[in-house]
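First the structure, in the form of structure tokens, and then the observations on it.
Nothing in this text is a laboratory measurement; each read-out follows from the coordinates by a stated rule. None of the values given here were measured: they were computed from a predicted structure. With ideal geometry, Cβ positions are generated from the backbone for all residues, glycine too; neighbour counts draw on all protein chains shown.
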């Protein structure tokens, strides 16, 4: 077994329990394994299956809890109770919804492309799962540590555009296609500033490996890269189609949007992917800007990671319940004339600071933070002024137009017409 796998505590503990007789495990004082010598390949396979099952089931369980927690928070925000009937505190409400969805009739439109129609839910849910394969959830706790982890995440999440377009086009529905066109415009527009917002993080860490980025955070990068965090967080909200960017599923205009013709578990897979994307976004923000699993001893690193993810999820839900939906022109203008320019400012300022401090220490990171925060505040204020609605002149009535009184005591003669519009009665008279 390679050194990279042995550095991973998940792989090492499962593999060496099964194949403790191997040379690499024996060198780390593991006792003889459960499998006989020569069966290391089987131990490796079983370890891989166990880790994949652990992550997949953990994510699905997290989605169930997120749906319940989000609905409970909605109740608090809206001064109502929220789910409280099924199970203690309503914990089984999401389970009941999942069972109900599975037993709904699976309908397929007569004119739909059945192959693409059935493939679209898979295309949108699998990438949301693959993102978690490179996210370290604790010290030595991850599936794989790629040296291009950031690039892998950006490439995988971009598949959402293809999945949305496939779902809409295959259903042969005009409303779904209109929603998909909105979605493609939104996703492509926000992928660019979201990727550019991470350039500053990569420059500071000197690596695209998520593990190296966590280790490089002597202080959380949210303090050193406030402008990068601001752009990345808003762009990620748009990529998830969460309020105020939920144009692809605008119920008042497009019903359910691109998934309008889906039912049963195909419909459920789209919503599963949406909530998995919410968790993965919180995990990415935690890893890149909140120093990942780092915390204080003796609390386990996995607990710190989970606590930070929950905090980010709370902020995401808070945004959804606070901000109204934007128009599609406002959303695109915000991406191209607002966030894009902010990322360029962040890259230039970060490059200058890296030129001054090529290998920043913790004290130098604090100095960078002291410089970047005023730059971020001034830049956001300036862009907001450029994007703001222009002031309108206060209208004044023209002298030729009649002035209508506030009360109904009298009606101007010029505004009262006869039934045949041929004469005007005197002021105060009967019409």
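Compactness ratio of segment 295-396: Cα Rg over 2.2 N^0.38 Å, N = residue count?
Here the answer is 1.53, to two decimals.
Among 113, 246, rank each residue by its count of other Cβ atoms within 10 Å, from fewest to most, as a rough exposure measure.
Ordered by Cβ neighbours within 10 Å, fewest first: 113, 246.
Per the Kirkwood treatment, what hydrodynamic radius in Å, one decimal, follows for segment 181-323 from the mean inverse distance over all distinct Cα pairs?
16.4
Starting from the 7 Å offset along Cα-to-Cβ, what nm value, one decimal, do you get for the label separation of residue 92 and residue 9?
The two pseudo-label positions are separated by 3.5 nm.
Provide the gained length on full extension for the span residue 108 to residue 265, in nm with one decimal, where the gain is 0.36 nm per separating residue minus the Cα-Cα distance.
Answer, rounded to one decimal: 55.3 nm.
Taking a virtual spin label 7 Å from the Cα of residue 361 along the C-beta vector, which residues in segment 206-225 bring their backbone nitrogen under 20 Å of it?
Inside the label zone: 206, 215-221, 224.
Going 7 Å from the Cα of residue 302 toward and past its Cβ, which residues in segment 64-86 have a backbone nitrogen under 20 Å from where you end up?
Only 64-66 pass the distance filter.
Using 7 Å Cα-to-Cβ label points, what is the residue 60/residue 373 separation (nm, one decimal)?
Distance between label points: 4.5 nm.
Residues of segment 294-334 with amide nitrogen under 20 Å from the 7 Å Cα-to-Cβ point of residue 76?
In segment 294-334, the label zone of residue 76 (backbone N under 20 Å from the point 7 Å along Cα→Cβ) covers 304-323.
Between residue 219 and residue 337, how high is the FRET efficiency from 1/(1 + (r/R0)^6) when r is the Cβ-Cβ distance and R₀ = 30 Å? Nearest 0.05.
After rounding to 0.05, the efficiency reads 0.40.
May I ask you to sort 219, 299 by Cβ crowding, counting other Cβ atoms within 10 Å and putting the fewest first?
299, 219
Kindly state, to the nearest 0.05, the FRET efficiency for residue 294 paired with residue 115, given R0 = 35 Å and r defined as their beta-carbon distance.
The value I calculate is 0.15.
Sorting 63, 17, 201 on the 10 Å Cβ count, fewest up front, what's the list?
By the 10 Å Cβ count, ascending, the order reads 17, 63, 201.
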